[in-house]
1. Find the residue count for segment 50-75, including only residues that are surrounded by fewer than 19 Cβ atoms within 10 Å (Cβ to Cβ) and part of a strand (DSSP E or B).
2. Checking the conditions here, which among Tyr256, Tyr232, Tyr277 is in contact (Cβ under 8 Å) with a residue 24 or more places away in the chain, over 21 Å from Ile319 (Cα atoms), surrounded by 13 or more Cβ atoms within 10 Å (Cβ to Cβ) and of a type in the set (Ser, Thr, Tyr)?
3. Considering (1) aromatic (Phe, Trp, Tyr); (2) in contact (Cβ under 8 Å) with a residue 60 or more places away in the chain; (3) in a strand (DSSP E or B), say which one Trp122 fails and leave the rest.
4. Could you please give the count of residues in segment 280-317 that are at positive phi and either touching a residue at least 40 places away in the same chain (Cβ under 8 Å) or crowded, with 18+ Cβ neighbours inside 10 Å (or both)?
5. Hey, could you check segment 2-49 for residues that are assigned to a strand (DSSP E or B) and at pLDDT 90 or above and say which is farthest from Met138 (Cα to Cα)?
6. On the given criteria, is Thr135 touching a strand residue (DSSP E or B) at 6+ places or on another chain (Cβ under 9 Å), among the polar types (S, T, N, Q), exposed (fewer than 14 other Cβ atoms within 10 Å of the Cβ) and outside the structural domain of Ser33 (by TED's automatic domain parsing)?
Amino acid sequence: MAPFFANRSCDPFLPKAYQCVIGTYVQYAVNVSSAEDVAAGIKFATKRNIRLVIRNTGHDYNGKSTGSGALGIYTGSAIKLGAGVMASKHGLAADQVLEWEVVTGTGEYLVANHETNSDLYWALSGGGGGTYGVTLSMTSKAHPDTPTSAMNLTFLSTNTTQDKYYEAISTFHASLPAMVDAGAMSVWYFTNVSFAISPITGPNVTEAQLRKFLQPLTSKLNELDIAYTSYYGQFSGYLEEYNAMQGPIDVGIAQYGGRLIPRDLVENNNTALTEAYRFINNQGAQFIGVGVNVSFAVAGNVSNAVNPGWRTALIDTVITTPWNFTAPLSDMVANQDLMTDVLIPKLAALTPN
């Protein structure tokens, strides 16, 4: 997503003959080592009416981590925490936060928790990065590691018809509710050529249980005579599973759009959903799915600013179109327009609320 917002100002993937200018990158940055540094940067930008960008170790789908003519506040590296794979067991990361240290937009240092500055605590817990202030630290719940099972599976459309291929994908989507209700979480990808689960992670779920959850899909693949490869494993904890099932992940560049898909759509109108995904694939886009259950029954009776759509969602849908570093920028802008004007509206029509 970064190249689009960087506007090819200084692209390290292009030949040296191309331009290398500041462009849409921040002009200067505050290298933060204390709350006072953050406050000074905010007050400086406010006094001089300078655009302010918060630059942390994450990425931003809306390009807020860079900006033309801006002063950046660089907060440095952060400790890595498990993200997503335990969501169906414990809820979202925002549901785990107990306390924040933050410098507000007025340059004031505050501690926010359930008892103190509770409105700010509520807003920071799911309300969007860079919206309410610069967070200095987060105190979070910690959960014990558990034995974990996992599974990868792939199949292609090249040895079958498109109708049968998408029938198999639809069967997989129909199996998701039982899977996530047991505490598992799944990531999968597909185009109109290939489908890959990579992986399903099941904390405190046995390999036998995982095989049972996938039985509808494997039975359907056998029925449709679609060849597939799969690998199951049982592990002592998540790190062992990650190293075995994924290992280092290649960095990719794409343009993104997304939509939360509610459980009731999958359960009651899966055919229409599959048709929408098929349409999107046929426009040259890739689908990335994350299957979770982060309902209040899982997360607990939390009160925070998380989008309520997460509580009834079954699939976090991410749609991508590839970024081509050497193609005309107008082609990439056209892909962005395709995402905004055609692909996402196709899903929005099925999920109006």
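1. Of the residues in that region, 1 qualify.
2. Tyr232
3. Condition (3) is where Trp122 drops out.
4. 1
5. So the residue we want is Tyr28.
6. no
The values are calculated or read from the model by the stated rules, or taken from the named source; none is laboratory data. What you see is a predicted model; the values in this text were computed from it and never measured. Cβ atoms come from the backbone with ideal geometry, glycine included; neighbour counts cover every protein chain shown.
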